[in-house]
Amino acid sequence: MSSYLSDFNGPVTHSIETVLQCGAKKAGRYRGQWREDKDIETHVEKAIGHLCSYLEHKIDKDTGEPHLSNAMARILIALHHHFEEEKNES
């Protein structure tokens, strides 16, 4: 069985990884915040904000990456917490 995710190797995964690394390097309350901030709805709302910024043709000033990459990083975080919640409920 082939991995469809491997089709996105290269610039796509590099951009999302860059966003995640930048988030991890931020000082203060943002450093590693995604691990503690398990509020899925907040991550989804932030993703929507990044999607809106992308539609306005903006580049994220913190990461230098397209807002689509920032949105995807937030969605990955929300999905991570979704599955963690499911695991903890069973």
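The values are calculated or read from the model by the stated rules, or taken from the named source; none is laboratory data. No experiment lies behind these values; they were computed from the predicted model shown. Quick reminder, even Gly has a Cβ in these numbers, built from the backbone with ideal geometry, and neighbours come from all protein chains shown. What goes into the accessible areas is simple: the full protein's heavy atoms, side chains included, and nothing from ligands, DNA or RNA. Shrake-Rupley method; radii C 1.70, N 1.55, O 1.52, S 1.80 Å.
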In this structure, the FRET efficiency calculated for residue 3 and residue 85 from their beta-carbon separation, with R0 = 22 Å, to the nearest 0.05, is 0.30
Given Cβ charges of +1 for Lys and Arg and -1 for Asp and Glu, the option among 83, 68, 20 whose Cα lies farthest towards the positive end of the dipole of the chain is 20
Taking the chain, the lysine pairs whose C-alpha atoms sit under 16 Å apart (8 or more places apart or on different chains) add up to 6
Answer in debye to the nearest 20: the dipole magnitude of the chain about its Cα centre, from +1 Lys/Arg and -1 Asp/Glu charges placed on Cβ, is 420 debye
Rounded to a whole %, the carbon-and-sulfur portion of the accessible area of the chain at a 1.4 Å probe is 58 percent
Using alpha carbon positions and the Kirkwood radius, the Rg to Rh ratio of the chain is 1.00
Residues whose modelled amide H sits under 5 Å from the amide H of residue 37, counting only those 5 or more places away in sequence or on another chain, are none
Expected field for residue 42, accessible surface area in Å² at 1.4 Å probe radius, rounded to 10, holds 40 Å²
